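Take a look at the structure below.
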């Protein structure tokens, strides 16, 4: 397929990379050991950290933040959405199976649909309950996700614009969501749902004010 | 606004509009395949010539109308453009949002000494201005206006830039690329896979005539097939493969030479200037402070030659990932020391090879190998039980072993290091990739954890700058949190702009 010289050169390259990775291996091994713990108490920093401008223990630590949960009505909203979703799915399933198989097998379809719906309902509830947010002086913190738990932090001086939105059902429950947009991400970089409208608007004011002062 | 302020382009700009139309046509070549097929079916020569003439006239008329409706205006702080035939469109590009300015000298403008001024916006995509067929003096005047306006309004000027705000026209030569480098670049970067796809699509059309041709020659192909030994078939397939490889590589080298011929990179204290191109001489100016990341790109073939491509990335909008985009400044086929020197022009970092990297947990490797093993086992079982291939069903095994080996190297290499304001991520399996970012340009940070990772105190770290998101999975949680806190501190407390 290739010039044989190329192939041998390529294999040599692999050999070389084996050599230097095996050197790294020894170093990496003792490295990761002392880094599994937090930085040392005596103030020395891990060696993958050089020339730090601030010692890590002096930094504001996001992991010790006090966070607040979403509004309780947001959990009901999430569950309501799950119910609506499954209502539509079941109608579609019934119609679809009528068309495809000329008959509808209730003893298979109903338990299957029901169990999936219950699973989704529980997951939606859980997903709504694990969402938490916090606002610091210079950034906004948001965590979400049941299986992949993500903690997102958006510095306020990188926010390009802010949006407060309300869906039709949100309106009934007095809820709103806040979207922050920063550069380089097509969609919103951070979306915090389940806030009260006044809270969302206060946050928007806070963020806009922050931008003016810096 | 009164009409006197609006300028027209020179008449020669019709050439630019024709070229632009043709370029769009070629870009949509796949949509045109039915039309091309239809044309190839026309039997009479006269009708063919007629169609050719009519479409040429149509293209020219279209370009003339476009030229007729095109008006532009340069004010003290913005470029305004009105264009469009049916849908009038007015673009208002403020100088403060200008990302790059480039001067293009396409081959058809070169004898006329005209240039096309292209201004990219840092804002949304499609908001760019092309002023065609300007004379050189006018283009440079507009360019200087944009530059001085930009420097005047720049909110944060670094110490090194203040003394150089005026009169740093004389740049320092940084690097040039000879023909040999471009051939290497073409060899190692198969930009011609699109061409390969086109050949593949076209092949089915060639197959039928080919078969009838063979019938005419009186060769009984099926009889031959029966006699043909397996080895002969393999030789046939192999030579076909080699041939297509040669074609693709040739196209790739040609593409590289067309794009980068006469490559020259010049740096002043605040800007980088690139000159390149065979048919279209292009001069691109890029502000150093707008560079978001420096990416050392080394694929396995680059690794053989000990070369890499250095890419300076600017703000991107996801949809814009064309290899030739002006938002990414590519320096083709440089060596590591050259790449280090160039990176130092833009980002004050040490040599990425010299750092010690924080590796990722072995659990990443275990997870990936387990996934691979599961997939391979099920594939082998499926081949054995369903397709009943017997011993042949073990065929995926060598591939799986090879993939596993690559996974191992990838895991070995994956790592991150922090030096002052710089974060460097190392990755890649055979070739090495380094991505250097400045922490004060962080847009967002993310820590991601699954339930199993939390139990093991591991966490994936994602650092987003305007050009890309760097993800380092399975880091020790303490380390990931420290990097996040430190990066945020740099972004929030330094008060430096990301632009």
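All of the numbers you see were taken from the coordinates with simple rules; none came from a lab. Since this is a predicted model, take the numbers as computed values, not measurements. Positions of Cβ are generated from backbone atoms using ideal geometry, with glycine treated the same way; all protein chains shown enter the neighbour counts.
Here are a few things to note about the model shown:
- Taking label positions 7 Å along the Cα-Cβ direction at both residue B:239 and residue B:335, the computed distance is 4.1 nm, reported to one decimal.
- Each of A:81, B:137 has some number of other Cβ atoms within 10 Å of its Cβ, and from fewest to most they run B:137, A:81.
- Between residue B:53 and residue B:497, the simple label model (points 7 Å from Cα in the Cβ direction) yields a spacing of 5.8 nm.
- Placing dummy labels 7 Å off each Cα toward the beta-carbon, the span from residue B:392 to residue A:201 is 7.2 nm.
- Other protein chain Cβ atoms within 10 Å, averaged over every residue that makes up B:465-476: 2
- Size estimate for the stretch B:372-427 follows the Kirkwood approach: the inverse of mean 1/r over distinct Cα pairs works out to 13.6 Å.
- Shape summary of the stretch B:1-97, radius of gyration then Dmax from alpha carbon positions: 18.2, 59 Å.
- From largest to smallest, the equivalent ellipsoid semi-axes obtained for the stretch B:330-378 from the alpha-carbon gyration tensor read 37, 16, 8 Å.
- Structural descriptor for the stretch B:418-487: relative contact order 25 percent, calculated from alpha carbon pairs under 8 angstrom and at least 6 residues apart.
- The calculated FRET efficiency for residue B:32 paired with residue B:362, based on their beta-carbon distance and R0 = 56 Å, is about 0.60.
- Computed extension length for residue B:4-residue B:373: 125.6 nm, one decimal, from 0.36 nm per residue of separation with the Cα-Cα distance subtracted.
- Part-to-part distance (alpha-carbon centres) for the stretch B:239-258 and the stretch A:144-214, which is given in Å: 50
- For the Cα trace of the stretch B:402-460, dividing Rg by the Kirkwood Rh returns an Rg/Rh value of 1.05.
- Look at the stretch A:202-209: the mean tally of other chain Cβ atoms within 10 Å of its residues' Cβ atoms is 0.
- Three-way shape label, the stretch B:55-136, alpha-carbon gyration tensor, a/c 1.5: oblate
- Put simply, the Cα atoms of the stretch A:101-214 extend 66, 31, 25 Å along their principal axes, the longest span coming first.
- Cβ-derived FRET efficiency at R0 45 Å, residue A:99 paired with residue B:247, nearest 0.05: 0.35
- Taken residue by residue and averaged, Cβ atoms of other chains lying within 10 Å of the Cβ of B:434-444 number 3.
- Residues of the stretch A:144-158 with amide N under 17 Å of the 7 Å Cα→Cβ point at residue B:451: A:144-150
- Computed from the Cα positions only, the extents of the stretch A:49-168 along the three principal axes stand at 72, 33, 25 Å, in decreasing order.
- Net length gained if the chain between residue B:21 and residue B:408 were fully extended (0.36 nm per residue, minus Cα distance): 134.5 nm
- Residue order, fewest to most beta carbons within 10 Å, for A:136, B:105, A:209: A:209, A:136, B:105
- Whole-angstrom Cα spans of the stretch B:269-400 along principal axes, big to small: 66, 42, 32
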